[in-house]
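Everything on this sheet refers to the single structure shown next.
The values are calculated or read from the model by the stated rules, or taken from the named source; none is laboratory data. Because the structure is a prediction, the values reported are computed rather than measured. All Cβ positions, glycine included, derive from the backbone under ideal geometry; neighbour counts span all protein chains shown.
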Amino acid sequence: MAWDWMLIEVCDANPADCPELFALEQEFPGLSVLETACMSHCDLCASSPYVLLDGEMVTAPDTTALFDKVREELARRMADQRSEI
C-alpha cells in the first residue's frame, strides 16, 4: 500500500540537517527530505533544531528529541491513513 506523500524541509545550516534525518526516508515510505539553502527562520535556526513537516514547524531542544517528535508524528499520520481505509 502506498502512503500519501509527506515532505520534510530542513535548512542546510540547521543541526537537524544530518544523516539521521535523511534515514527517515527509509523508515517511512512516501516521505521525502528536502535540504534547502535557507528557510528564512534564521533566529530559530541558530538556536534549535527544527524542520518543516508538510509546512508545519516542528521544533525541539536537541536533534534526538526532534527526530523522536517527527517519528511520532509520521507514525500518527500513517495510522490515520490506515484507519481511513
Sole exception among (1) at pLDDT below 95; (2) in contact with a helix residue (DSSP H, G or I) (Cβ under 8 Å, 6 or more places away or on another chain); (3) not aromatic (Phe, Trp, Tyr) for residue 14, by number = (1)
Counting only residues in segment 17-34 that are in contact with a strand residue (DSSP E or B) (Cβ under 6 Å, 6 or more places away or on another chain) and of a type in the set (Asp, Glu), the one surrounded by the fewest Cβ atoms within 10 Å (Cβ to Cβ) is identified as 25
Selection count where residues are outside any loop (DSSP other than H, G, I, E, B) and surrounded by 14 or more Cβ atoms within 10 Å (Cβ to Cβ), scope segment 42-60 | 8
Please go through segment 17-41 and pick out each residue that is assigned to a loop (DSSP other than H, G, I, E, B) and in contact (Cβ under 8 Å) with a residue 40 or more places away in the chain.
-> 18, 28
